[in-house]
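Single-structure report; data block below.
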């Protein structure tokens, strides 16, 4: 158990669908992240939220829309995705200013876009 | 920009043999360094981290890593491989005290042969 949960674990969607990925952290952290993990490519940081405020958007297409209603929850809203968006989407969290700077990861959502 | 290289996308060892996974980073300033492990269908789990306290760092599951500034390296070792060590291993760096702006290496898949 890492203290970071993600739902659903698997998702298959068509290019015209709208779906959302959910991440919840039970660690009392104040920063949350979305990463994309594609086959044969390094982890790509997509979004960073500190204290619920988005601080980074690494040139992610607008068909990915993040939402962070509070420090414990993070969503990734998906619409009109492309087959190349199929990947494992990982959520992570960390605690700013605690002196411990590692990130804790959830199990990921395996997304397949048909 | 900082980068992380991991020599060998796939490493195979026999059970009981030494495990050596290589990681080099590009920077003139020593970063914070991490090794994460990813088991099939799971997220990333922290194995160990270097934060300038000691150059030889011991982690979980019998792994350790040594920071060598002169070689800009942080190689991961384990004296005796076990079947359960088969996984993907990622080296990561950050220059950030707050646990953000991680740069991950491409990963090394470790296979353990009986």
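A few points about this structure:
- Separation of the residue B:52 and residue A:77 label points, Cα + 7 Å toward Cβ, nm: 4.2
- Overall dimensions of chain A by Cα: Rg and Dmax, Å: 13.5, 44
- Above 16 Å, the calculated P(r) of region A:20-70 contains 44 percent of its Cα-Cα pairs.
- The mean count of C-beta atoms from other chains within 10 Å of the C-beta of residues in B:90-97, rounded to a whole number, is 2.
- Order by protection proxy (mean Cβ within 10 Å, highest first), peptides A:79-85, A:107-113, B:60-66: A:107-113, B:60-66, A:79-85
- Inter-label distance, residue B:45 to residue B:9: 2.6 nm, where each label sits 7 Å from its Cα along the C-beta direction.
- Packing around the peptides B:93-101, A:14-22, taken as the average count of other Cβ atoms within 10 Å per residue, puts them in this order, highest first: B:93-101, A:14-22.
- Taking every residue in A:35-44 and counting other chain Cβ atoms within 10 Å of its Cβ, the average works out to 4.
- Taking the convex hull of Cα positions in region A:43-103, its mean projected area over all directions (nm²): 4.7
- Peptide B:80-89 shows a mean partner chain C-beta count of 0 within 10 Å per residue C-beta.
- Highest to lowest packing among B:43-51, B:25-33, A:29-37, B:82-90, scored as the average C-beta count within 10 Å: A:29-37, B:43-51, B:82-90, B:25-33
- Dmax and Rg, reported as Rg then Dmax, of region B:46-114 (C-alpha, Å): 13.0, 42
- The protein assembly as shown gives an Rg/Rh value of 0.97, both radii derived from C-alpha positions and Rh following Kirkwood.
- Relative counts (whole %) of C-alpha pair distances in region B:1-89, using bins that are 10 Å wide: 16, 51, 29, 4
None of the figures in this text is laboratory data; all of them are computed from the coordinates on show. Values in this document were obtained by computation on a predicted structure and should not be read as measured data. A quick note on method: Cβ atoms are made from the backbone with ideal geometry, for glycine too, and the neighbour counts reach across all protein chains shown.
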